[in-house]
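Quick notes on the structure that follows.
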Amino acid sequence: MTAKDRIAEPWGTRTPYGPGEQWPQRTDIHLQEGLSAEDVDRWVQSASILHSNGDAMDIAVKDDRIVGVRGREADRVNHGRLGVKDLYGWQANASPDRLTRPLVREGGRLVETDWDTAMGRIVERTQQLLADQGPSAVGFYTTGQLFAEEYYTLGIVAHGGIGTNHVDGNTRLCTATAAEALKESFASDGQPGSYTDIDHADAICLYGHNVAETQSVLWMRMLDRLEGPNPPKLVCVDPRPTEVARHATVHLAPLPGTNVALMNGLLHEIIAHDWVDHAYLEAHAVGFDELATRVKDYPPEVAAHICDVPAEQIREAAAIIGQADRLLSTVLQGFYQSNQATAASVQVNNIHIVRGMLGKPGCGVLQMNGQPTAQNTRECGGDGDLPAFRNWSNDEHIKDLARVWNVDPMEIPHYSPPTHVMQMMRYAEDGSIKLLWISGTNPAVSLPELPRVRSILTQERLFVVVQDIFLSETAQLADVVLPAATWGEKTGTFTNVDRTVHLSEKAVDPPGEAKADLEIFIDYAHRLGLKDKDGAPLVKWHDAESAFEAWKECTRGRPCDYTGMTYEKLRGGSGIQWPCNDEHPDGTERLYEDGKFFSAPEYCESYGRDLITGAPVEPTEYKALNPTGKAVIKAAGYMPPHEIPSEDFPFILITGRTLYHFHTRTKTGRAPELQAAAPDVWVEVSEHDAAAQGLAEGDLLEVSSPRGSLRAKARITAIRSGVVFVPFHYGYWDTEGGHAPDDVGRAANELTITDWDACSKQPIFKTAAARIEKVADADGPSPAPRIGATR
């Protein structure tokens, strides 16, 4: 297809298929204008880096430049298809404003320098802080876009070398609740389901998951099932009129912040009609009686009143869910970034446990990720987790990790859970964290309550290191900026939502003096002189493949066992799902097929938390609850959001993404086709609210909250009344016009609240109170895309 076709028709042509059939192949390709496949010098194996689906692709190289991409037909994930960000996002690699040399701050300005000077400043400041204050002075905040090998190296440097507990990833913003929900129900991370469950399911439920725009190739798979014989029924939970909602059998559009009440209403109906697998519950689960008692308080009329949806719709959705023979459920930001995030997501797991819908074709849960390597941050210890799903509260797990790293167990901080990023920002605000190393992420746009974030990052006493490929809004505030290599310029592995591991090979050299993140972390460890307990270098690997071999050994015997994989095995063919070991040499399609979980007290990753308060469950309490390692059913009552609409701020603001951009647009904003498709911020307002306030399409609006304001043009849609939506991609960096430091009035996170879920510590982006006011009449339509939820 031409570039124009795939922007206008992002899901491409249909290849229908029926239940139990294999998804047909379709090869998507996009090359630099004027080139054909025959002109390409070589094709280099990789996978997608601009969403979490894990689409396998080959990078086209000509004259040592990336000139396009092609889908890999043999791969289990995408069968050759690519999404719009896959097809065009690679162009950002060659953007003329790439960082090519280190920068240091001199006289208030960032100036170019050499690597020795830049690293020398970082090491000197680290050593000074360690001597004066200790490890608590140092924090690391990373991304969901590096490779497993890089996260693992960062984990050993931070936890095993420096000894800091302040390590998190921006996965805290997108997938922390996915991990926590899995830990609550199954006592360990790891997605039970597989993408192939779409091929078998007769009902698919999407909870706060706009898959059409966030994982467009997965939506292609669903569309092809919907257009084939015996299509599945779709249940969509989303306040916006997404493509999923348009194709849904039932579309539930609850008031933001009421997801727990909705889920309890659905569970009430399932249990009341006895759509329950009692034999499965008896053999494989604990906690059902408490759930049954709790949801008695949420008949459809009660849930409908709280959620402001028709009770009959709740009944209809429950009947689809309760009577399905093969049920697949997916969950994403509409639940994860909202009030009671973990509690709501756990109720989705509860449905599958109650119905015995786990471990069988078409039966599974996918607690989705938002980023391409979010799963790896959680596996490798690059965020608030220990490597290979070890348990912070289990001393034997700490000893085992110390054995792998050859350090004293007491050198690994485990006196409390790792510090999540919002708490890290508070520590920096208070002055206890004095060095913050930010790699591959842009918190000056992506964190909530941006005025506060900017004030923290610009403190004189905070030494900020930014490792990135562009001079982002965050990098502009740094004391040292390190130029990094990106996808296509380095080698490593990354794991998608359904546990599929792909190898991404280096296709071209990075620009200028830019270095792979792995190389930077290893260099830092060596310059600091980090040693194991025998005096040998703590980091013993030197390149991506040797780091992968070390990571494999760390996973041995753990849920995410990689020991059966090698780079050679990952080359060619398809990605491989973990666990992959001697018992499962070709990988594992679904977890929990035999009703056995990773939840035994001595083995599990987590003992869980109280779903309302977030208080951790004590080991003795967990052992008493679940001595034989079953699935855990946890009930929760509905609690109102902390911030609700008022007379001054009568609307609920929610934020989110669009099909054509990824996060803060550092890459997609530099791909011409993607930038042209969604060039600027907009605000979605319902037809009802627009009529009440005399608003028209394209009117310039000011959207305000108790924390700040932004200006954007109105897009009038079928979003539910009382709710306004703003995409969060747009900061104060204009990829076409350059940096405009005074133009901070288009970032959605100027408005969002400093608040987070009690269990997952994920910030809440979807329940802020707001008002809208017309500033000027329209001079044309809003810049919102003409497709998807903004159609």
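The values are calculated or read from the model by the stated rules, or taken from the named source; none is laboratory data. What you see is a predicted model, and the numbers here were worked out from it, not measured in a lab. Because the Cβ atoms are built from the backbone with ideal geometry, glycine has one as well, and the counts that use them run over all protein chains shown.
Just so you know, in region 1-25 the residues that are free of Cβ contacts under 8 Å to residues at least 60 places away in the same chain and polar (S, T, N, Q) include one that is nearest to Glu73 (Cα to Cα), and it is Gln25. For Asp63, are the conditions met, namely being closer than 20 Å to Ala485 by Cβ and either in contact with an Asp or Glu (Cβ under 8 Å, 6 or more places away or on another chain) or in contact (Cβ under 8 Å) with a residue 60 or more places away in the chain (or both)? Yes: the conditions hold for Asp63. The residues of region 98-113 that are farther than 24 Å from Ala137 by Cα and without any contact (Cβ under 8 Å) to a residue 60 or more places away in the chain, listed by number, are Gly107, Arg109, Val111, Glu112, Thr113. A search for C-beta distances below 7 Å between a residue of region 667-681 that is surrounded by 20 or more Cβ atoms within 10 Å (Cβ to Cβ) and any residue that is of a type in the set (Phe, Trp, Tyr), counting only pairs 6+ apart in sequence or on different chains, returns Thr668/Tyr660; Thr668/Phe662; Ala671/Tyr88; Leu674/Tyr88; Leu674/Tyr660; Ala677/Tyr660; Ala678/Tyr660; Val681/Tyr730. Any residue that is over 27 Å from Ser439 (Cβ atoms), polar (S, T, N, Q), touching a residue at least 12 places away in the same chain (Cβ under 8 Å) and part of a loop (DSSP other than H, G, I, E, B) - is there at least one of those in region 75-88? Yes, that holds for at least one residue. Looking across region 353-365 at every residue that is more than 20 Å from the chain's Cα centre (by Cα) and closer than 13 Å to Gln191 by Cα, the one that is surrounded by the fewest Cβ atoms within 10 Å (Cβ to Cβ) is identified as Gly359. Within region 20-52, track down each residue that is among the charged types (D, E, K, R) and within 22 Å of Gly669 (Cβ to Cβ). Passing the criteria: only Glu33. Filtering region 322-347 to residues that are more than 13 Å from the chain's Cα centre (by Cα), buried (at least 24 other Cβ atoms within 10 Å of the Cβ) and either among the hydrophobic types (A, V, I, L, M, F, W, C) or part of a helix (DSSP H, G or I) (or both) leaves Leu327, Leu328, Ala341, Thr342, Ala343, Ala344, Ser345, Val346, Gln347.
In the condition set (1) small (Gly, Ala, Ser); (2) at pLDDT below 95; (3) crowded, with 24+ Cβ neighbours inside 10 Å, Gly737 is compliant with all but (3). Do we have Thr214 as within 27 Å of Arg72 (Cα to Cα) and out of contact with any His (no Cβ under 9 Å at 6 or more places or on another chain) here? For Thr214, the condition - within 27 Å of Arg72 (Cα to Cα) and out of contact with any His (no Cβ under 9 Å at 6 or more places or on another chain) - is not met. The residues of region 553-577 that are part of a helix (DSSP H, G or I) and under 23 Å from the mean Cα position of the chain (by Cα) amount to a single one, Thr555.
If the Cβ limit is 6 Å and pairs must be 6+ apart or interchain, which residue in region 249-268 that is modelled with pLDDT of 95 or more pairs with which residue that is in a strand (DSSP E or B) and not hydroxyl-bearing (Ser, Thr, Tyr)? If the second residue must be in a strand (DSSP E or B) and not hydroxyl-bearing (Ser, Thr, Tyr), the pairs left are Thr249/Lys233; Thr249/Leu234; Val250/Val235; His251/Cys236; Leu252/Val237; Pro256/Ile652; Pro256/Ile654. Annotation note: Cβ proximity below 7 Å between a residue of region 752-779 that is within 22 Å of Arg426 (Cβ to Cβ) and a residue that is part of a loop (DSSP other than H, G, I, E, B) and among the aromatic types (Phe, Trp, Tyr) (sequence gap 6+ or interchain) occurs for Thr752/Phe765. Restricting attention to region 212-222, the residues that are closer than 12 Å to Ala245 by Cα and either within 13 Å of the chain's Cα centre (by Cα) or in a loop (DSSP other than H, G, I, E, B) (or both) total 0.
What about Ile633, is it buried (at least 16 other Cβ atoms within 10 Å of the Cβ), touching a residue at least 40 places away in the same chain (Cβ under 8 Å) and under 20 Å from Arg240 (Cβ atoms)? Judged against the criteria, Ile633 is not a match. Within region 473-519, the residues that satisfy the criterion of being assigned to a loop (DSSP other than H, G, I, E, B) and either acidic (Asp, Glu) or modelled with pLDDT under 95 (or both) are Glu473, Asp479, Glu489, Asp498, Glu505, Asp509, Glu513. Taking the condition in the same structural domain as Leu327 (by TED's automatic domain parsing), assigned to a loop (DSSP other than H, G, I, E, B), among the aliphatic types (A, V, I, L, M) and surrounded by fewer than 19 Cβ atoms within 10 Å (Cβ to Cβ), does Ile612 pass? Taking the combined requirement at face value, the residue satisfies it. Checking each residue in region 246-267 for being among the aliphatic types (A, V, I, L, M) and not in a helix (DSSP H, G or I) picks out Ala248, Val250, Leu252, Ala253, Leu255.
The single condition among (1) among the small types (Gly, Ala, Ser); (2) within 22 Å of Ala341 (Cα to Cα); (3) outside any loop (DSSP other than H, G, I, E, B) that Ala635 does not satisfy is (3).
Within region 341-361, being out of contact with any Cys (no Cβ under 9 Å at 6 or more places or on another chain) and closer than 22 Å to Ile271 by Cβ holds for Ala344, Ser345, Gln347, Asn349, Asn350, Ile353, Val354, Leu358, Gly359, Lys360.
Within region 26-42, no residue that is more than 15 Å from Tyr88 (Cβ to Cβ) and in contact (Cβ under 8 Å) with a residue 24 or more places away in the chain sits with its Cβ atom under 7 Å from a residue that is assigned to a helix (DSSP H, G or I) and not β-branched (Val, Ile, Thr) at 6+ positions apart or across chains.
For region 475-492, the criterion of being more than 26 Å from Ala137 (Cβ to Cβ), outside the structural domain of Trp115 (by TED's automatic domain parsing) and charged (D, E, K, R) is met by at least one residue. Pairs linking a residue in region 504-523 that is under 21 Å from Pro372 (Cα atoms) and outside the structural domain of Glu112 (by TED's automatic domain parsing) to a residue that is of a type in the set (Val, Ile, Thr) and in a loop (DSSP other than H, G, I, E, B), with Cβ atoms under 6 Å and 6 or more positions apart or on different chains, are Glu505/Thr491; Lys506/Thr491. Is at least one residue of region 151-163 assigned to a strand (DSSP E or B), in contact with an Asp or Glu (Cβ under 9 Å, 6 or more places away or on another chain) and polar (S, T, N, Q)? No, every residue in region 151-163 fails to be assigned to a strand (DSSP E or B), in contact with an Asp or Glu (Cβ under 9 Å, 6 or more places away or on another chain) and polar (S, T, N, Q).
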